[in-house]
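Visitor: Before I ask anything, let me first share the structure, which is written out below as structure tokens.
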Amino acid sequence: MSNREQEIWKDILVNIGLVTEDQLSFALREQEETGEKLSDILVRMGYISREDLTRALSAHFGLIPVKLSDYHPTEDVIARVPPPLVRKYKIIPLEYKEGVLTIAVADPLDFLSIDSLEKILGVKLKAVLTSDREIEQAISRYYGVEEETIDTILEELTEQDISFAEGVAQEAEEAELAEEAPIIRLVSLLILEAFRSRASDIHVEPMSGRLRIRYRVDGILHEVPAPPKRLEGAVISRIKILAGMDIAEKRLPQDGRIMVNVLGRHLDLRVSSLPGIHGESVVMRILDKSSLLLGITELGFLEEDLDKWKRVITLPNGIILVTGPTGSGKTTTLYAVLNELNLPDRKIITIEDPVEYQISGINQLQVKPQIGLTFASSLRSILRQSPDIIMVGEIRDTETAEIAVRAALTGHLVFSTLHTNDSAGAVTRLIDMGIKPFLVASAVQAVMAQRLVRKVCPKCTEPYQPEESVLKEIERMMGTLEGANFVKGKGCPECNMSGYRGRIAIFELLVVTEEVRRIVLSRATSFEIRDLARSQGMKLLREDGWIKVYRGITTVEEVLRVTQQDIVEGAV
């Protein structure tokens, strides 16, 4: 660092009392030895906070300190600076007006970089100041992983002679390669990028001639760059090692678990392997524990349904069922309920497969069928523990259903899930499983069906007009189209150009009234139960979805995608 730059740093920090001269001198000596940025050294040593440093720099240079979360650069602005330049100079383009490109920088003393950028880009630059951390996060958000990252890892591997023999020799070499640093970093990178992309699953799928990797984001699968086919065995072996699975066993399905900290968040990855004709397919389900801590008001209930749901979950006894296909948010809903009911004067016991989140104050049991600890046997045992509230992860068989009904009729409040398409179908499903209609009518207090729809990205919304047939259906249900806010996302870097970001549930809440109990006793069909419930004010899944379309939360296409089996009078 030149004497001139040292004097500038002294003016910025020492003369106004933010650091001492000795501290600055020590940091400068450290910089000479390590080559690290002086600002990073000062913060690392604890001499100054990142926020105070940013404020001092902005005051000295007359730069505006900004938060990058307040800016939403368009795709055109992002495209003005190629990824290699963004990463080299550690800047983010924010907006372009009248020939001036506004960029965010973290080091205003790097005059040469700004001059070089102006010449390379051929535009005048205006700098605003932010922190290193915000710039790194923005680079990841808008430009993704550095394209050379996977290639760099693979270059290290191509230097080795990777040629597998058949049989045991191949397995031995794959296992050995799985412990090599490049493969370890490659698998870590796949998990890191899945988390950054807000993925719920990572799918590693051997195909004919290639390895395919896909992330499920907001319920939709997206293919991402993958390593070559020759590294398939090593990558899968590395995942199985992390998950505590047997890497030599490739003929049978296996399950495992990986605990990992990513960017300060504690993640639990549930790993499943399945043999296929082209190799073992591996799926890692990402359980972000913070996402399972929602309150019931955050689930997406409409106002009147939220009031009904709050009344139902505080009943003293009975069965309350949540239905829907895999991945429809049933577990998140049940955890939200347990969080709401978890008070010191109540004993709550859960039986789960697996226990996805540990809740303080609740007794949680994980089933282990291999040793005979099933839902049914566990439920029979915990009834002797005198619980007030029981949560059974899923009613899968007649024995579990019978014990759950008996528990509900003997003073316990039981929550569980069923795989049925709608709420009325859950009642007839229990009867089909062999539970007598009078027991179902007496025990079941409410059934809620739910699905997850993608929410419109708030950064790139634009108004649009749905098709006439859909408008008529919404108008018939709402009574008017006045005040409707029909929007869709046009796509932006924030939502990976999909137009959607995040998900919300749509619900169908059937409260079992005396009239419903009477027709259940007469073995009414699910259609008859549904029609009666609708006449008492129940909204179908699609109708709940239409209200969220009307309010600008989701789109027509999303509601139609997840409610294809709904039959609504007059629906398209």
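Visitor: In whole Å, largest first, what are the principal axis extents of the Cα atoms in the stretch 297-444?
Guide: 42, 35, 30
Visitor: Cross-link candidates for K488: which lysines have Cα within less than 21 Å, leaving aside residues fewer than 8 places away along the same chain?
Guide: Leaving aside lysines fewer than 8 places away in the same chain, those within reach of K488 are K455, K459, K472, K548.
Visitor: Further question on the same structure: At 1.4 Å probe size, with every protein chain present, just tell me what the per residue accessible area of the chain comes to in Å².
Guide: Result: 48 Å² per residue.
Visitor: Can I ask one more? Express the carbon and sulfur contribution to the solvent-accessible surface of the chain as a percent, rounded to the nearest whole number, probe 1.4 angstrom.
Guide: Answer for the chain: carbon and sulfur cover 49 percent of the accessible area.
Visitor: Same structure, new question: So how much accessible area does R454 have, in Å² to the nearest 10, using a 1.4 Å probe?
Guide: Here the accessible area works out near 30 Å².
Visitor: Averaging sequence separations of C-alpha pairs under 8 Å and six or more residues apart, then dividing by the length of the stretch 468-572, give the relative contact order as a whole percent.
Guide: 36 percent
Visitor: With Rg and the Kirkwood Rh both taken from Cα atoms, where does Rg over Rh land for the stretch 506-553?
Guide: 1.10
Visitor: Skipping prolines and chain starts, which residues have an amide H placed within reach, meaning under 5 Å, of the one on V444, given they are 5 or more residues away or on another chain?
Guide: I319
Visitor: Could I ask something else about it? Got the relative contact order for the chain handy, in percent, Cα pairs under 8 Å and 6 or more residues apart?
Guide: 9 percent
Visitor: Sticking with this structure for a sec: Here are several values of Cα extents along the principal axes in Å: [x] 82, 80, 46; [y] 94, 66, 59; [z] 92, 69, 51. Which one was derived from the coordinates shown?
Guide: [z]
Visitor: Right, something else. Can you work out ³J(HN,Hα) from phi for every residue in the stretch 405-410, in order, using Karplus 6.51 cos²θ - 1.76 cosθ + 1.60 and θ = phi - 60°, giving whole Hz and x for Gly and Pro?
Guide: Result, rounded to whole Hz: 5, 4, 5, 5, 7, 10.
Visitor: Tell me the accessible surface of H266 in square angstrom (1.4 angstrom probe, heavy atoms of protein chains only), to the nearest ten.
Guide: So the heavy atoms of H266 present about 80 Å² to solvent.
Visitor: Turning to a different aspect of this structure: Under a 5 Å amide H to amide H cut-off, with H placed in plane at 1.01 Å, what residues pair with V487 once short-range neighbours are removed?
Guide: Hits under the 5 Å cutoff: Y464, G552.
Visitor: Please list 3J(HN,Hα) in residue order for the stretch 492-499, calculated via the Karplus relation 6.51 cos²θ - 1.76 cosθ + 1.60 where θ = phi - 60°; whole Hz, with x for glycine and proline.
Guide: With coefficients 6.51, -1.76 and 1.60, one gets 8, x, 4, 10, 6, 6, 8, x Hz.
Visitor: Amide H to amide H under 5 Å from I351: which residues, 5+ apart in sequence or cross-chain, H placed 1.01 Å off N in plane?
Guide: The list, which skips near neighbours in sequence, is L365, M391, V392, G393.
Visitor: Just to check I understand the Karplus step: with θ = phi - 60° and J = 6.51 cos²θ - 1.76 cosθ + 1.60, what whole-Hz values come out for the stretch 425-440, glycine and proline as x?
Guide: x, 5, 5, 5, 5, 4, 5, 5, 6, x, 7, 5, x, 5, 6, 4
The values are calculated or read from the model by the stated rules, or taken from the named source; none is laboratory data. Small disclaimer: the values here were computed from a predicted structure and weren't measured. Just the protein is used for accessible areas: all its heavy atoms, side chains included, with ligands, DNA and RNA removed. Shrake-Rupley method; radii C 1.70, N 1.55, O 1.52, S 1.80 Å.
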